[in-house]
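**Q** Before I ask anything, let me first share the structure, which is written out below as structure tokens.
The values are calculated or read from the model by the stated rules, or taken from the named source; none is laboratory data. None of the values given here were measured: they were computed from a predicted structure. Cβ placement follows ideal geometry from the backbone for every residue including glycine, while neighbour counts extend to all protein chains displayed.
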């Protein structure tokens, strides 16, 4: 089966930054504060940084950080450089981080990125994030997970305006146990915390964008046009075990 590309990134440029910080950013900041304290001023790498919105938020909360972002899309990096001029940005993939980034960062983050990678790539994704962190560094990843012990690899194709678009990736959902095994093999320990969305999201024109759906178990269940019930988790990877 041909590997489908990830191309659904245009909204990171076209959508204005939210006036209030996203809940995911605030929760990530909370994890960082708990691990490193209010006065944290270390080096931070955001993998899949998009237009730099997360790094801008972290710099507002922790003014002393030294921020670096990497992404594979030139359009996003150009926007990030305009919006967050104090940060450093480079074109690089989570699967092939430059050697000069290895072992340099107190904190490594990746939000909304892991689900792009399939069963042949997920171990390399984690290996590179852990390699970029210092031995006592912190890695924080936010992504959908499956807590029933099932790995699900998904290719999807949108039909819009009367025509079929190309096949895409972006909604692979790995099992909790798969991530735990990969991280353990890297000599680290991982803690999982379920992310529970507190607001409401309406459907958008793009059916792959997430919205909230009231269910019997969750009045703000995240879903999308793939008809998935999406449960996001923070994966907090701490120092060597």
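**Q** Residues to consider are 89, 105; find the one that is within 16 Å of residue 134 (Cβ to Cβ) and crowded, with 22+ Cβ neighbours inside 10 Å. Can you show your working first?
**A** On the way: 89 fails: within 16 Å of residue 134 (Cβ to Cβ).
Answer to the check: 105.
**Q** Determine, yes or no, whether residue 103 is outside any helix (DSSP H, G or I), modelled with pLDDT of 95 or more, more than 22 Å from residue 230 (Cα to Cα) and touching a strand residue (DSSP E or B) at 6+ places or on another chain (Cβ under 8 Å). Before the answer, list the steps.
**A** On the way: outside any helix (DSSP H, G or I): yes; modelled with pLDDT of 95 or more: yes; more than 22 Å from residue 230 (Cα to Cα): yes; touching a strand residue (DSSP E or B) at 6+ places or on another chain (Cβ under 8 Å): yes.
Against the criterion (outside any helix (DSSP H, G or I), modelled with pLDDT of 95 or more, more than 22 Å from residue 230 (Cα to Cα) and touching a strand residue (DSSP E or B) at 6+ places or on another chain (Cβ under 8 Å)), residue 103 qualifies.
**Q** Looking at the range 50-67, which of its residues are touching a helix residue (DSSP H, G or I) at 6+ places or on another chain (Cβ under 6 Å) and under 16 Å from residue 141 (Cβ atoms)?
**A** 50, 54
**Q** Still on this structure, I have one more. Which one of these does residue 49 not meet: (1) part of a loop (DSSP other than H, G, I, E, B); (2) modelled with pLDDT of 95 or more; (3) within 30 Å of residue 166 (Cα to Cα); (4) over 15 Å from the mean Cα position of the chain (by Cα)?
**A** (4)
**Q** Continuing with this model, one more query. Of (1) in a strand (DSSP E or B); (2) farther than 19 Å from residue 110 by Cα, residue 205 satisfies all except one. Which?
**A** Of everything listed in (1) in a strand (DSSP E or B); (2) farther than 19 Å from residue 110 by Cα, residue 205 misses just condition (1).
**Q** Search the range 92-102 for residues being farther than 26 Å from residue 22 by Cα and in contact (Cβ under 8 Å) with a residue 40 or more places away in the chain, and hand back the single one that is surrounded by the fewest Cβ atoms within 10 Å (Cβ to Cβ). Steps first, please.
**A** Keep residues of the range 92-102 that are farther than 26 Å from residue 22 by Cα, which gives 95-102.
Now drop any that are not in contact (Cβ under 8 Å) with a residue 40 or more places away in the chain, which leaves 97, 101.
Numbers: 97: 21, 101: 18.
The extreme case among them is 101.
**Q** To continue, here is another question. The conditions are (1) under 22 Å from residue 174 (Cβ atoms); (2) in contact with a helix residue (DSSP H, G or I) (Cβ under 9 Å, 6 or more places away or on another chain), and residue 101 fails exactly one of them. Which is it?
**A** Condition (1) is where residue 101 drops out.
**Q** Something else about it: So how many residues does the range 80-100 have that are assigned to a loop (DSSP other than H, G, I, E, B), touching a strand residue (DSSP E or B) at 6+ places or on another chain (Cβ under 8 Å) and within 27 Å of residue 118 (Cβ to Cβ)? Step through it out loud before you land on a result.
**A** First pass over the range 80-100, keeping only residues assigned to a loop (DSSP other than H, G, I, E, B): 84-87, 92, 94-95, 97-98.
Filter once more, keeping what is touching a strand residue (DSSP E or B) at 6+ places or on another chain (Cβ under 8 Å): 84, 86-87, 92, 94, 97-98.
Now narrow it down to the ones that are within 27 Å of residue 118 (Cβ to Cβ): 92, 94, 97-98.
Qualifying residue count, the range 80-100: 4.
**Q** List every residue pair whose Cβ atoms sit under 6 Å apart, with the two residues 6 or more apart in sequence or on different chains, where the first one lies in the range 211-235 and is on the phi > 0 side of the Ramachandran plot and surrounded by fewer than 15 Cβ atoms within 10 Å (Cβ to Cβ) and the second, anywhere, is modelled with pLDDT under 95 and part of a loop (DSSP other than H, G, I, E, B).
**A** none
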